[in-house]
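Presented below is the structure to which this report refers.
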Amino acid sequence: MATEAATGEAAHGAEGGLQFHPMDQFLVKPLFGDGPVHWYTITNVTLWLALTVVAIALLLVVGTRNRATIPSRTQSVAELAYGFVYKMIEDVTGKDGIKYFPYVMTLFMFIVFANFLGLLPMAFTTTSHIAVTAVLAFAVFFTVTILGFIKNGAHFLELFWVKSAPLALRPILAVIELISYFVRPVSHSVRLAGNMMAGHAVIKVFAGFAAIAAIAPLSVVAVAAMYGLEILVAFIQAYVFTILTCVYLKDALHPSH
Amino acid sequence: MATETHGEGATGLADATGVAGHDAASGAGMPQLDFSHFPNQIFWLIITLVVIYLVLSRVALPRIGAVLAQRAGTITNDIAAAEDLKRKAEEAEAAYDKALADARVEAGRIAAEARAEIQAELDTAIAKADEQIAAKSAESEKAIAEIRAGAVDSVKVVAKETAAEIVAALGFKADQGAIDTAVDGRVKG
């Protein structure tokens with residue numbers, strides 16, 4: 001990321017013909033007017049978050065309005081998404097994880113739709129911002145931690161006390177486990193935001209090279225290839241975020257190793 | 001919530017850094033690290049997540065779950081109904097086979113009866129015909145015997161007369177009695 005920014009900056013200064021602004025797509029701007037961004041200001045973030053809600057509602061609510069036993073195409077996709085997340089949480093967390101299904105489904109649908117909407121040209125990718133992914137990750141972190149203590153009480157701390165290890169090693173392992181536990185929300189959020197941001201920035205950099213006629217065909221091919229990869233990444237990152245949520249949930253419900 | 005206080009803090013920080021942070025963001029820096037925009041994003045994100053959660057948990061997920069359960073039920077019922085129908089079809093086939101076998105036996109019996117009846121009628125008819133034929137042939141034999149007898153007598157008469165004429169023609173004189181005896185002897189022999 002840093003190198004890309006540097007490349008962009010260098011190209012910015014060195015060549016007059018080339019315009020590299022790979023990070024401009026991530027700018028938060030007010031949707032109406034040009035005033036300061038307060039916490040309540042309607043910005044492009046608001047717009048794309050709203051579009052995410054609309055897209056999810058279109059698929060899961062409007063798409064299933066017929067409640068058909070023999071599903072339409074949209075309803076099939078909605079059922080596929082439902083079954084995908086349901087099976088994931090059932091497989092990873094177990095039967096007692098099912099009651100958190102709406103919560104996990106909310107996370108998955110939000111991330112997958114935000115990622116894919118972000119791939120539209122001129123779109124703003126809400127999940128490329130650490131502010132957004134950090135809220136998602138900390139929400140999972142706090143939920144899982146509080147749930148762990150409510151469900152298991154002090155036994156939740158057994159998560160850090162590795163019983164299968166030799167007694168002498170256990171305190172050291174406990175420290176490592178504790179650190180890794182608190183690093184979870186960071187890795188959880190930075191992974192998603194980093195992936196989304198890096199891919200989009202690289203596409204923008206490749207697109208910037210299209211200004212040079214000799215490199216333009218290569219640039220177009222590179223953008224197309226990156227776009228294909230980004231489609232894959234958009235889904236995989238949503239999947240990874242969701243399955244990690246399920247894993248953390250499993251730790252909260254069954255803390256003993 | 002924690003995010004609220006976090007937001008307040010971020011706003012303060014952004015105010016402190018002020019224009020410098022914004023300039024860096026609009027240049028080649030990372031807009032992601034522009035903390036002045038954090039409260040805005042977090043506020044709208046929380047609203048978005050709450051809305052999605054409510055829509056999913058109140059409307060979408062119960063609906064899809066119900067549809068899936070209903071489909072599973074329908075499929076189970078259909079399979080049960082199909083099994084039932086299959087069993088009925090098998091029963092019907094067995095009944096049909098049995099009826100067919102019965103009909104075949106009945107047909108065989110009827111055919112045998114008919115055959116026997118016809119045979120009996122045929123036998124009486126043949127016997128009657130044989131009788132008639134025997135009567136007719138006896139009659140015919142009698143007629144033929146009569147005709148044959150009549151023919152032998154006629155031949156005897158003609159032969160006697162012819163013999164007498166031939167003897168006379170040869171210049172002999174013979175008595176009729178000797179000729180008759182000779183002719184009778186020849187005809188018999």
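The values are calculated or read from the model by the stated rules, or taken from the named source; none is laboratory data. Values in this document were obtained by computation on a predicted structure and should not be read as measured data. Every residue, glycine among them, receives a Cβ derived from its backbone with ideal geometry; neighbour counts consider all protein chains shown.
In this structure, does A:Lys163 turn out to be basic (Lys, Arg) and under 20 Å from A:Ala252 (Cβ atoms)?
yes
Select from the range A:102-140 the residues that are among the hydroxyl-bearing types (Ser, Thr, Tyr) and either part of a helix (DSSP H, G or I) or farther than 18 Å from B:His37 by Cα (or both) and list them in ascending order.
A:Tyr103, A:Thr106, A:Thr126, A:Thr127, A:Ser128, A:Thr133
When we screen A:Leu218, A:Leu244 for residues that are loosely packed, with under 14 Cβ neighbours inside 10 Å and not β-branched (Val, Ile, Thr), the only hit is A:Leu218.
In this entry, B:Val51 is excluded by the filter for residues that are away from chain A (no Cβ under 14 Å), in a helix (DSSP H, G or I) and either at pLDDT 95 or above or exposed (fewer than 13 other Cβ atoms within 10 Å of the Cβ) (or both).
For the range B:36-87, residues that are polar (S, T, N, Q) and farther than 30 Å from A:Thr52 by Cβ total 3. The set of residues in the range A:172-221 being among the hydrophobic types (A, V, I, L, M, F, W, C), part of a helix (DSSP H, G or I) and over 28 Å from the mean Cα position of the chain (by Cα) consists of A:Ile172, A:Leu173, A:Ala174, A:Val175, A:Phe209, A:Ala216, A:Leu218. Residues in the range A:41-62 that are facing chain B (nearest Cβ under 9 Å) and more than 18 Å from the chain's Cα centre (by Cα): 7 in all. When A:Asp24, A:Asp34 are screened for being more than 9 Å from every other protein chain (Cβ to nearest Cβ) and either among the polar types (S, T, N, Q) or farther than 30 Å from A:Leu253 by Cβ (or both), only A:Asp34 passes. Condition check for B:Arg71 on (1) modelled with pLDDT of 95 or more; (2) within 29 Å of A:Ile56 (Cα to Cα): one failure, at (1).
More than 11 Å from chain B (Cβ to nearest Cβ), more than 24 Å from B:Phe43 (Cβ to Cβ) and buried (at least 19 other Cβ atoms within 10 Å of the Cβ), is that true of A:Gly153? Taking the combined requirement at face value, the residue does not satisfy it. Residue count for the range A:63-81 under the criterion of being touching a helix residue (DSSP H, G or I) at 6+ places or on another chain (Cβ under 8 Å), in a helix (DSSP H, G or I), more than 7 Å from chain B (Cβ to nearest Cβ) and among the hydrophobic types (A, V, I, L, M, F, W, C): the result is 2.
Applying the criterion of being away from chain B (no Cβ under 14 Å) and free of Cβ contacts under 8 Å to residues at least 24 places away in the same chain to the residues of the range A:108-131, the residue that is surrounded by the most Cβ atoms within 10 Å (Cβ to Cβ) is A:Leu120. Please tell me if A:Ala168 is of a type in the set (Gly, Ala, Ser) and either closer than 30 Å to A:Gln19 by Cβ or buried (at least 17 other Cβ atoms within 10 Å of the Cβ) (or both). For A:Ala168, the condition - of a type in the set (Gly, Ala, Ser) and either closer than 30 Å to A:Gln19 by Cβ or buried (at least 17 other Cβ atoms within 10 Å of the Cβ) (or both) - is not met.
Residue count for the range A:85-107, restricted to those that are farther than 21 Å from A:Val54 by Cα, more than 9 Å from chain B (Cβ to nearest Cβ) and not acidic (Asp, Glu): 11.
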